[in-house]
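Structure, as structure tokens:
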Protein chains: 2
Amino acid sequence: MTTVLKLGGSVVTDKSTPETVDEDRLDAAVAAIANAAAEGRAAAGGARAGGGPSLVVVHGGGSFGHHNAEKHGVSDTAGTRDAGAVFEIHDAMRRLNDAVVTRLQDAGVPALPVHPLSAAARDADDGLSLPLDSTATMLSEGFVPVLHGDVVVHADAGATIVSGDELVTTLARGLDADRVGLCSTVPGVLDADDEVIPEITAFEDVAAVLGGSETTDVTGGMAAKVRALLELGAPAHVFGPDALDAFLAGDDAGTVIRG
Amino acid sequence: MTTVLKLGGSVVTDKSTPETVDEDRLDAAVAAIANAAAEGRAAAGGARAGGGPSLVVVHGGGSFGHHNAEKHGVSDTAGTRDAGAVFEIHDAMRRLNDAVVTRLQDAGVPALPVHPLSAAARDADDGLSLPLDSTATMLSEGFVPVLHGDVVVHADAGATIVSGDELVTTLARGLDADRVGLCSTVPGVLDADDEVIPEITAFEDVAAVLGGSETTDVTGGMAAKVRALLELGAPAHVFGPDALDAFLAGDDAGTVIRG
């Protein structure tokens, strides 16, 4: 049972202030993960390595990543060959990752960092390759790999940004994940009346509301996100911080997207 | 033309004092690399990406890695499942790597960090897999990847140490390198009279002197190192800091090992 959980940049950072962790929200998310990990180990009959369910955590960049990427004019398509700029963006994301990893460790979760710049690359057609040797072995050894939006080297473009969302779909496919969760500050995919849509099984059913909805901006392209999640082989849950406990307990949370 | 250069832990750190960079030696090595990179770009007709020869740098752990690994009882075969211990060793090596990368960048070398923990893994038979997607794309985009001895996850063992030397041979094979250089504080492989042996083409020729020589201890197993280098498809040079300029200029330096 492998779960990929994304903690959005708005959950782990204060997006309004550069390079600031949202202590309260991060602490609450860490507590939920620690609680679920302890229950998983208990259900599996002890605290041995590999005994519990496998969890991969991905977090966004929030006020660490976006701030620095914008400063250097780097996006997922606009690259840079300035090694100093690449390092500055990467280093900011590493510092946020360190904060997430050490808080998880302090709560008893055997979290370890995985920095995409060290493993991933994009080819000249923008395709992302993310070798999973390290991440998969961490899982089989009972660790919790924690990845993050990062800068990655990109053939013919220098280096570009890889978002947490892109990592989530790449990991879910590569690890053959059973469940995917995307925790941000919105409680789910919203309809025209701002009510959470419980389930999406086809893009046509929500195309009208996603096309013109305000949520398009809030979450960085909900329509594209829903399309990508519909193509996964695993159900994906889009939910807010209050539903993290329920998602990690195996319950439905927010909007469930089943392609 | 791809070159893999190892800077030994004794070159970049003060091995007698925990977590201390050897500023003078590191500055001298950085200056040699920057000088060779500038000449390579000039020879290739400009500073465009991919224009010069490709260089991969690997550095050892010195007083950053060994200190922390010993503290936690972790070696290349003795593993740990303590995520806090893994992170502490890794974090120390990252700090040393940051020092090397930023000094290289300050000298005009487009260096970028590659952390083995994020990419590599050992299987249950201790075999190391190190996916090179990121490193190879860095090279083709004109960056200088800088790897380091690190802790890596290890099937059935938690996490163990990967040395700079093991990374060098893995990189040389995986990148089909043309030249390999190992720069430490000894001027080469020494004979019974402590003279540098100019060339080694077969282990039998040096077995007697390496078996009982003091250099076995000084460099962490010179006999095993020579055996591994003889099996590479590229010539390997073992030399001291004074010969780094010559090696990077394409000249023979110290002992040349050709298998």
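The values are calculated or read from the model by the stated rules, or taken from the named source; none is laboratory data. Predicted model, so just to flag it, every value in this text is computed and none were measured. Because the Cβ atoms are built from the backbone with ideal geometry, glycine has one as well, and the counts that use them run over all protein chains shown. Just so you know, the surface numbers come from the protein's heavy atoms only, side chains and all, with ligands and any DNA or RNA stripped out. Shrake-Rupley method; radii C 1.70, N 1.55, O 1.52, S 1.80 Å.
Side notes on the structure shown:
- Yes/no for B:ASP126 being surrounded by fewer than 23 Cβ atoms within 10 Å (Cβ to Cβ), modelled with pLDDT of 95 or more and in contact with a Ser or Thr (Cβ under 9 Å, 6 or more places away or on another chain): no
- Counting only strands (runs of 3 or more DSSP E) that sit wholly inside the stretch B:159-259, those with at least 3 residues that are under 15 Å from the mean Cα position of the chain (by Cα) are B:179-183, B:236-239.
- The condition of being within 9 Å of chain A (Cβ to nearest Cβ), among the aromatic types (Phe, Trp, Tyr) and buried (at least 24 other Cβ atoms within 10 Å of the Cβ) does not hold for B:PHE87.
- Lone unmet requirement of (1) more than 11 Å from chain A (Cβ to nearest Cβ); (2) of a type in the set (A, V, I, L, M, F, W, C); (3) part of a strand (DSSP E or B) for B:LEU112: (1)
- When the stretch B:95-109 is filtered for residues that are within 11 Å of chain A (Cβ to nearest Cβ), surrounded by 17 or more Cβ atoms within 10 Å (Cβ to Cβ) and in contact (Cβ under 8 Å) with a residue 40 or more places away in the chain, the ones remaining, listed by number, are B:ASN97, B:VAL101, B:LEU104, B:VAL109.
- Contact map, the stretch A:240-259: residues that are within 18 Å of A:THR201 (Cα to Cα) paired with residues that are outside any helix (DSSP H, G or I) and small (Gly, Ala, Ser), Cβ distance under 6 Å, separation 6+ or inter-chain. Pairs shown: A:GLY254/A:GLY188; A:THR255/A:GLY188; A:ILE257/A:ALA236.
- When the stretch B:75-99 is filtered for residues that are hydrophobic (A, V, I, L, M, F, W, C) and either modelled with pLDDT of 95 or more or in a helix (DSSP H, G or I) (or both), the ones remaining, listed by number, are B:ALA83, B:ALA85, B:VAL86, B:PHE87, B:ILE89, B:ALA92, B:MET93, B:LEU96, B:ALA99.
- Hits in the stretch B:152-168 (condition: more than 14 Å from chain A (Cβ to nearest Cβ) and open to solvent by less than 20 Å² (accessible area, probe 1.4 Å)): B:GLY164, B:VAL168
- Condition check for A:ALA155: touching an Asp or Glu at 6+ places or on another chain (Cβ under 8 Å) and more than 24 Å from A:SER63 (Cβ to Cβ): yes
- Scope the stretch A:142-151; condition within 7 Å of chain B (Cβ to nearest Cβ) and open to solvent by 10 Å² or more (accessible area, probe 1.4 Å); matching residues: A:GLY142
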